[in-house]
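> Provided herewith is a single structure, encoded as structure tokens, for subsequent inquiry.
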Amino acid sequence: MLPEIVLPVPVSDCAPTAPPRWSGTASCASVDPELFFPLDEDGDAARAAKAVCAGCEVRQQCLDYALGAGMAAGVWGGLSTSERDALVRRAVPRSGR
């Protein structure tokens, strides 16, 4: 079970308008992108993609980007599509925004 996460801003406010600046420093920048779009979200390929994300210094920025852009496929920020969907459903919006 994933821990409760509070999103920094409403998901609808995260829509990207330009390529992310952080993407060049991501651990995945030197890995075949196919790895991050496995056919089985629970299989070995997905675990391999998540392992790349685990040590990435921009993992949170990647996850924020995927949530804001509504990425419908792939492993982003160390989470699969179904994990990101569950995160959004459980997210507690910050008050005052």
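The values are calculated or read from the model by the stated rules, or taken from the named source; none is laboratory data. This one's a predicted model, so the numbers in the text were calculated from it and none came from an experiment. Quick reminder, even Gly has a Cβ in these numbers, built from the backbone with ideal geometry, and neighbours come from all protein chains shown. Only protein heavy atoms, including side chains, enter the accessible area calculation; ligands, DNA and RNA are left aside. Shrake-Rupley method; radii C 1.70, N 1.55, O 1.52, S 1.80 Å.
> Quickly run through the range 30-46 and pick out the residues that are part of a helix (DSSP H, G or I) and surrounded by fewer than 12 Cβ atoms within 10 Å (Cβ to Cβ).
Selection gives 30, 33, 34, 44.
> So is residue 51 out of contact with any strand residue (DSSP E or B) (no Cβ under 9 Å at 6 or more places or on another chain), in a helix (DSSP H, G or I) and either touching a residue at least 40 places away in the same chain (Cβ under 8 Å) or open to solvent by 50 Å² or more (accessible area, probe 1.4 Å) (or both) or not? So that I can check it myself, show each step before the final result.
On the way: out of contact with any strand residue (DSSP E or B) (no Cβ under 9 Å at 6 or more places or on another chain): yes; in a helix (DSSP H, G or I): yes; either touching a residue at least 40 places away in the same chain (Cβ under 8 Å) or open to solvent by 50 Å² or more (accessible area, probe 1.4 Å) (or both): yes.
Yes; evaluated as a whole, the condition is true for this residue.
> Residue by residue through the range 66-82, note down the ones that are assigned to a helix (DSSP H, G or I) and open to solvent by less than 50 Å² (accessible area, probe 1.4 Å). Give the derivation first.
Applying the first criterion (assigned to a helix (DSSP H, G or I)) to the range 66-82 yields 66-69, 81-82.
The answer is 66, 67, 68, 69, 81.
> Inside the range 54-65, can you point out the residues that are open to solvent by 20 Å² or more (accessible area, probe 1.4 Å) and of a type in the set (A, V, I, L, M)?
54 - this is the single residue of the range 54-65 that is open to solvent by 20 Å² or more (accessible area, probe 1.4 Å) and of a type in the set (A, V, I, L, M).
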